[in-house]
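Everything on this sheet refers to the single structure shown next.
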Amino acid sequence: MTIEDEMTDVLSVNPKTVSYTDPMTGLGNRRRLMDKIRKLASERADDPAPFTIGIANIDGFKPINDLFGHAAGDEILCQVAHRLRACLPDGGFVARIESDEFAFILPLVFEKKGAEKIGRMFKDVLSAPYDLGDRNVRLSASFGFAVYPFAGEQFAELLKSADTALYRSKRRGRGQITVYSEEIAEEMRRGTQIEQALRRAIIADEVAVHFQPIVDLSDGSIQGFEALARWTDKELGFISPADFIPLAEERGFIDSLTETLLKMAAETAKHWPSDLFLSFNLSSAQLIDPATAFNVLSIINRVGLDPRRLELEITETAMMSDPEVAAKVVTELTSVGIRVSLDDFGTGQSSLGRLRDFAFNKVKIDRSFVSEITIDKPAEHIVRAILAMCEGLDLKVIAEGIETEEQAAKLRELGCKSGQGWLYGKAVDAATTFSLIEAQRKITAEAARGFATGS
Ligand code: C2E
Ligand code: CA
Ligand code: CA
């Protein structure tokens, strides 16, 4: 709720008709939380003793709901509410503020360590099995805490800080606990600075696409290129896509960024020889958007790139957030001839079954295995197993991050056909990419001439 919403609430609502209770769980609701926090903050304004608020969010609640049905989902939420209320420390308060989100006030917790301790206790309490009559279900929860007045003096600000902390927890995986801190505040400020510069750069066409060759490991000939975003801001300097892509996702403008990047990449690829493909990274946000296939197709149609020359790279983690929509997006893409590859394979929570359920065409073995392949036996075994499995499933494989000739030789020996990495070239701009392609054409033509003349 924004400050404006709150103002409207305060001005227009008759307190007698307003509900302060969440009917399903019997806990207080967001309005009750707001009242309580305001009251406590005004009491503590003179006596500057801190207090803490926190938010708990159930991990992967949507899949639970989809799998067991809404009645079971409601039952779990009621049990969560009951447990949280039962283990609240003295003077504490808990409310349900969103479908699977609970917020609490801890008047006697003054600092980070105390908040983390309570967080761990809540986490343990929530992780015990839930009895649904015919079955037991387990789940985990993520937590974000904010300490008054450091993390905010007003309700909205304090709740936003707890929410930011919660978001950090979610980003680190399941069952994490984060307390809003000065470092997080500083990161947020820097994030906002980057966000503003990036939004401006997108409009001014200052974000560029570079291309890294993907080669045939048997002879090093180029098969296609992966498009990688590049951006250097005048003041902030070079910023890695590993930083600005997640930021654009987080702050909701990844669509316009992707559109710009895909348009540029396709414009370039259109002029390559038609046997070379373009591989483009889709962001996780796009895999939960049912309009993605349509959007991608309309961009490349407008540019005039044959969909059969386009590959889209998606990560397992991205697929997992809403597997149903993701599966639909992948099927729609492949039905119009676009190929889909699974990026960073081996690093996410991949179930091998996913490879069968989804209509993928390729798997990209993550650099972390490739970089260890000549020095670490387990890494070699993993790569061997991935290759065998992909062969059985009729999936092509690209090994990522090949840096040395030894790694390439090992991969060839294991039967891997394609690869990319600094050994074959870093990502370079469109003009340099054309020169690379030209150089290769010359070599191939000369070899063919030599073959024809027998020299
Ligand atoms: P990624 O998709 O796994 O891309 C491969 C990354 O590994 C690239 O980093 C590439 O420059 C780097 N790399 C390639 N070969 C080697 C090697 O031999 N050794 C080492 N050490 N690194 C190598 P980059 O360009 O910094 O991109 C980082 C990540 O940012 C990408 O990981 C991808 O997840 C994301 N990204 C980049 N461009 C885009 C884009 O246009 N859209 C989206 N959604 N994500 C992008
Ligand atoms: Ca990639
Ligand atoms: Ca990758």
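The values are calculated or read from the model by the stated rules, or taken from the named source; none is laboratory data. In this text, all values refer to a predicted model and were calculated from it rather than measured experimentally. All Cβ positions, even for glycine, are placed from backbone atoms using ideal geometry, and neighbour counts span all protein chains on display.
Please verify whether segment 287-294 includes one or more residues that are farther than 30 Å from Glu403 by Cβ and crowded, with 22+ Cβ neighbours inside 10 Å. Full working, then the answer.
Pass one, segment 287-294, residues farther than 30 Å from Glu403 by Cβ: 288-294.
So of that shortlist, the ones also crowded, with 22+ Cβ neighbours inside 10 Å come out as 292.
Yes, because at least one residue in segment 287-294 is farther than 30 Å from Glu403 by Cβ and crowded, with 22+ Cβ neighbours inside 10 Å.
Limited to segment 423-438, what total is found for residues that are touching a residue at least 24 places away in the same chain (Cβ under 8 Å), hydroxyl-bearing (Ser, Thr, Tyr) and farther than 15 Å from Leu228 by Cα? Step through it out loud before you land on a result.
Residues of segment 423-438 that are touching a residue at least 24 places away in the same chain (Cβ under 8 Å), as a first pass: 424-430, 433-434, 436-437.
This time we only want the ones that are hydroxyl-bearing (Ser, Thr, Tyr), so: 424, 433.
Subsequent filtering for residues that are farther than 15 Å from Leu228 by Cα retains 424.
Result for segment 423-438: 1.
Out of (1) modelled with pLDDT under 95; (2) under 22 Å from Arg308 (Cα atoms); (3) within 14 Å of ligand 1 (Cβ to nearest atom), what's the single condition that is false for Gly348?
All conditions are met except number (2).
Out of Thr374, Thr347, Thr317, I need the residue that is part of a loop (DSSP other than H, G, I, E, B), within 16 Å of ligand 3 (Cβ to nearest atom) and either assigned by TED's automatic domain parsing to the domain that holds Thr260 or farther than 28 Å from Glu250 by Cα (or both). Which one? Steps first, answer last, please.
Details: Thr374 fails: within 16 Å of ligand 3 (Cβ to nearest atom); Thr317 fails: part of a loop (DSSP other than H, G, I, E, B).
Matching residue, one of Thr374, Thr347, Thr317: Thr347.
The rows are residues; the columns are (1) in contact with a helix residue (DSSP H, G or I) (Cβ under 9 Å, 6 or more places away or on another chain); (2) surrounded by fewer than 20 Cβ atoms within 10 Å (Cβ to Cβ); (3) more than 16 Å from Ile214 (Cα to Cα).
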{"residue": "Phe369", "(1), (2), (3)": "yes, no, yes"}
{"residue": "Ala431", "(1), (2), (3)": "no, yes, yes"}
{"residue": "Glu438", "(1), (2), (3)": "no, yes, no"}
{"residue": "Lys442", "(1), (2), (3)": "no, yes, yes"}
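Of everything in segment 100-148, what is out of contact with any helix residue (DSSP H, G or I) (no Cβ under 7 Å at 6 or more places or on another chain) and small (Gly, Ala, Ser)? Give them in sequence order.
Matches in segment 100-148: Gly114, Ala115, Gly119, Ser127, Ala128, Gly133.
Looking at this structure, is Gly220 assigned to a loop (DSSP other than H, G, I, E, B) and touching a Phe, Trp or Tyr at 6+ places or on another chain (Cβ under 7 Å)?
Values: assigned to a loop (DSSP other than H, G, I, E, B): yes; touching a Phe, Trp or Tyr at 6+ places or on another chain (Cβ under 7 Å): yes.
In short, yes.
Every residue in segment 325-344 that is within 20 Å of Glu249 (Cα to Cα) and surrounded by fewer than 16 Cβ atoms within 10 Å (Cβ to Cβ), please.
Once the filter is applied, which keeps residues that are within 20 Å of Glu249 (Cα to Cα) and surrounded by fewer than 16 Cβ atoms within 10 Å (Cβ to Cβ), segment 325-344 yields only Val325.
Specify the residue that is farthest from Phe225 (Cα to Cα); the eligible residues are those in segment 264-310 that are within 16 Å of ligand 2 (Cβ to nearest atom) and assigned to a loop (DSSP other than H, G, I, E, B).
If we filter segment 264-310 for residues that are within 16 Å of ligand 2 (Cβ to nearest atom), which is where we start, we get 265, 269, 277-287, 296, 310.
Cutting the leftovers down to assigned to a loop (DSSP other than H, G, I, E, B) gives us 282-283.
Details: Leu282: 15, Ser283: 18 Å.
Per the criteria, the residue is Ser283.
Please tell me if Leu261 is assigned to a helix (DSSP H, G or I) and either free of Cβ contacts under 8 Å to residues at least 40 places away in the same chain or among the aliphatic types (A, V, I, L, M) (or both). Before you say what the answer is, go through the steps one by one.
Details: assigned to a helix (DSSP H, G or I): yes; either free of Cβ contacts under 8 Å to residues at least 40 places away in the same chain or among the aliphatic types (A, V, I, L, M) (or both): yes.
So Leu261 passes the test.
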